[in-house]
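Student: Submitted below is the structure of interest, expressed as structure tokens.
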Amino acid sequence: MESADLFPTTRYSVIDRSAADHERFLEGFGDLFRIYRQPIYCCIRRHGLDHEDAEDLLQSYFRDLQRRDYVAAFDRNRGKFRAFIQTDLRFFLNNEGRKLRTRSGTFAEDENQPPFADPDLPMDRDWAVATFTEAIETACRECGKTEARVELFKALAPLLDKEPTPGQYDQLSLKFGKSPQSLAVDMSRLRKSFGRALERLVRSTLDASTADEIRAEISYLFASLQSDR
């Protein structure tokens, strides 16, 4: 079973060792973007590409990052990993758009006109979804231990941000053979584990990460979930 600390550890160990050991960097590269692959894909799709073209461009972006070892240039003292990737992806898309002449009318006709004009690349909501999804999955694995228990905590996960409706625990108790009172205890465990997993994950995308910085980033991610971006 995957360690709850795998992604934070992998992310910075991969970044820090890339300059010294290129082969090991490539080995760990898949873990580096395992969580945030979907937000990057969604960013590309927003520019009008169909699934197949977006998937091709996503793979090209990952290969380009591997080739350049660009992630090694990330300075944790100068900003967030999310912003770092957003900026790099914007440049990549514009460069690719100049190379690829019209594909299904998606790319600009004028080679002097970058085809992707959106400077903001509204990734933040997708990034927040990916972050919370990973934190929930980590918490369920951490609390569950066995496959059956993991399924129980996955069933409880939708209640992380809300109180159960009348009878909801009763329905779950019938399904999993546990009393409503026992489920309430499990729910409390899951909330605590989710909080720890989310904090670890957020810390991995920031600098040294003071408590205030972590709280601010988590608040921002929650706000991003409510946005239409």
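Student: Residue under question is D212, and the condition is that it be out of contact with any Ser or Thr (no Cβ under 7 Å at 6 or more places or on another chain), modelled with pLDDT of 90 or more and not hydrophobic (A, V, I, L, M, F, W, C); does it hold?
Tutor: No, not satisfied.
Student: Right, another one. Would you say I40 is modelled with pLDDT of 65 or more, under 17 Å from the mean Cα position of the chain (by Cα), surrounded by 18 or more Cβ atoms within 10 Å (Cβ to Cβ) and in a loop (DSSP other than H, G, I, E, B)?
Tutor: For I40, the condition - modelled with pLDDT of 65 or more, under 17 Å from the mean Cα position of the chain (by Cα), surrounded by 18 or more Cβ atoms within 10 Å (Cβ to Cβ) and in a loop (DSSP other than H, G, I, E, B) - is not met.
Yes/no matrix, rows are residues, columns are (1) part of a loop (DSSP other than H, G, I, E, B); (2) at pLDDT 80 or above; (3) over 24 Å from P39 (Cβ atoms); (4) out of contact with any strand residue (DSSP E or B) (no Cβ under 6 Å at 6 or more places or on another chain):
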residue: E111; (1), (2), (3), (4): yes, no, yes, yes
residue: P114; (1), (2), (3), (4): yes, no, no, yes
residue: P119; (1), (2), (3), (4): yes, no, no, yes
residue: R125; (1), (2), (3), (4): no, yes, no, yes
residue: A128; (1), (2), (3), (4): no, yes, no, yes
residue: T131; (1), (2), (3), (4): no, yes, no, yes
residue: E134; (1), (2), (3), (4): no, yes, no, yes
residue: T138; (1), (2), (3), (4): no, yes, no, yes
residue: R149; (1), (2), (3), (4): no, yes, yes, yes
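Student: It is to be established whether one or more residues within the stretch 186-199 are surrounded by fewer than 17 Cβ atoms within 10 Å (Cβ to Cβ) and among the acidic types (D, E).
Tutor: No, there is no match, as no residue in the stretch 186-199 is surrounded by fewer than 17 Cβ atoms within 10 Å (Cβ to Cβ) and among the acidic types (D, E).
The values are calculated or read from the model by the stated rules, or taken from the named source; none is laboratory data. Given the structure is predicted, the values throughout are model-derived calculations rather than measurements. Neighbour counts are summed over all protein chains in view; Cβ atoms, including those assigned to glycine, are modelled from backbone coordinates with ideal geometry.
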